[in-house]
Amino acid sequence: MSHVQRNDQEVHRIEKLHELRAAGINPFPPSFDLTHHAAEILSTFSDDQPDAMASVSVAGRIMAIRKMGKASFCHIQDMTGRIQIYLKKDDLGEAYEHLRLYDIGDIIGIEGFVFRTRMGEISVHARTVTMLTKSVTTIPVGKEEVAEDGTVTRYDAIADKEQRYRKRYLDLIANPDIKATFIKRAKIITTMRRFFDDRGWLEVETPILQPIYGGATARPFVTHHNALDVDLYLRIADELYLKRLIVGGFEGVYEISKNFRNEGMDKTHNPEYTAMEIYVAYKDYEWMMGMTEQLINSIVTETCAAETVSFQGTDLSFALPFRRAAMYDLFDQHTGMDLRGLDRAALLAAARKLNVDVDPAASAMKILDEIFSILVQPHLVQPTFVMDYPVEMSPLAKKHRTKDGLVERFELFVMGKEIANAFSELNDPLDQRARLEEQATIRAAGDDEAMVVDEEFLHAIEVGLPPTAGLGVGIDRLVMLLTDNDSIRDVLFFPQMRPERTAPATEE
């Protein structure tokens, strides 16, 4: 016996479902022959050539319905938009009587012809109507207003934004315009993939479950494999596995993947996120900067049809070349202090003088990163490559060829947010071991985001990694920029949410 508590409307809808079945109508048929979509009809119908659409089949969800005597109207919504359906008793016969069993939210199929009503609205005159899915619960329906110039204004039917994220399917129904964000997201990824494929680089797959996590400084999610009786980690990055493929002889590999980091959630962080990493042999970070700006420029121009996009009221130019600035030069500019070569104690004192709140036990790397995040990043609005990081902040990057204490690394920032991160990859096995062992020391001192020593990776580097440039791009943040969304939740179909609190059960 079902223990679902249903409201009066749901009970009434289920009664209608039973009536349909009693009348010999299957409320959930297996298929429907679809020939046209709403947008296609609305954009191509011609009053001069109405016979071109003398026979169409459309399907969609009922979003509005006006049941009258001998003629009724409804609006259905499909993937492309809404269109009006004209339903006449003389044409539909007994099927017209069953309209009383139809509700907003039901999915129906219509076969008929296209015409323009006396009010000027392009519509489908139904010859047949078929119930395709009977909805047994109510859906939110927003109000629409159409201005004299044809502009449509929609009012949100879901007031609680958290519910939009929790029940994205309802959000997509009630606010169909958000589909454009996810369509553009798919186009961004497709454009990126084509950019790499056209240059002959190979798309690959690496493990999500890993015995040792690495490639970034972050806390992992841990799980347990029962058959092997070992703990495994959800990957925090692809880097260490992709480099092994370069060691194995591939000269260009990339992966577009889900990564997982057990960290806080905010407008730019979700514990499950999409990233792209690519590694190209015999190249360095200077070459990678040029490739990266070409990649981003190509994505912007192809998906936005311009080199300039607007984000939250700010125009961002992705015209080539992007600005380049050395990290310590930016520190000089925005803090007024020379932070070069300072040890942990001196950096801690500098942070206090600059009113940057840091953990007194934080590593030098963490302190410097926090100063950068608070005092420098907000100024990096237009696309900017920040170059030449201190070695302590980059345990997997090659030492700078001319600047002591620095590594050949850049990050791309836009609107104060990191979009991409790249290195001339460290391929000296002795240096790499020493850096990872230093990370282990930092970890033992209490930094649980520091890297761990991965002996299998170190063995691969000892076999020999050719000179290599690597790049990681945060797909979600790039999509945010190009769709004018300031929250990562708005570019993920199903963002991670805190569990809803439910009322405690009461004794009867």
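Every number in this text was worked out from the coordinates using simple rules, so none of it is lab data. Nothing here was measured: the structure is a model prediction, and the numbers come from that model. Note that we place each Cβ from the backbone using ideal geometry, even for glycine, and neighbour counts take in every protein chain shown.
When each of the peptides 416-428, 341-353 is scored by the mean number of other C-beta atoms lying within 10 Å of its residues, the order from highest to lowest reads 416-428, 341-353. Counting only DSSP beta bridges whose two residues both lie in the chain, roughly 90 percent are antiparallel.
Over the chain, calculate the relative contact order: mean separation of alpha carbon pairs under 8 Å at least 6 apart, over the residue count, as a percent.
That works out to 12 percent.
In the chain, one over the average inverse separation of all distinct C-alpha pairs is 27.0 Å, which is the Kirkwood hydrodynamic radius.
Computed about the Cα centre, the dipole magnitude for the chain is approximately 1160 debye when only Lys and Arg (+1) and Asp and Glu (-1) carry charge, each at its Cβ. A dipole drawn for the chain from +1 and -1 charges on Cβ atoms has a positive end, and of 377, 28, 473 the residue lying farthest that way is 28. Its relative contact order, with pairs defined as Cα atoms under 8 Å and 6+ residues apart, puts the stretch 8-139 at 29 percent.
Each semi-axis of the equivalent ellipsoid for the stretch 381-508 is √(5λ) with λ an eigenvalue of the Cα gyration tensor; in descending order they amount to 37, 24, 13 Å. Annotation: peptides 368-380, 7-19, ranked by per-residue average of other Cβ atoms within 10 Å with the highest first, follow the order 368-380, 7-19. The magnitude of the dipole of the stretch 350-465, with charges of +1 and -1 set on the Cβ of Lys/Arg and Asp/Glu and taken from the Cα centre, is near 540 debye. The spacing between the stretch 377-429 and the stretch 296-363, judged by their C-alpha centroids, is 11 Å. Along the axis of the charge dipole computed for the stretch 8-139 (Cβ charges of +1 for Lys and Arg, -1 for Asp and Glu, origin at the Cα centre), the listed residues 37, 117, 79 are led at the positive end by 117.
Convex hull volume of the Cα atoms of the stretch 8-139, normalised per residue: 108 Å³. Expressed as a whole number of Å, what is the distance separating the alpha-carbon centroids of the stretch 274-293 and the stretch 1-40? That distance is 53 Å.
For the listed peptides 484-493, 92-101, a ranking on the average number of other beta carbons within 10 Å per residue, highest first, reads 484-493, 92-101.
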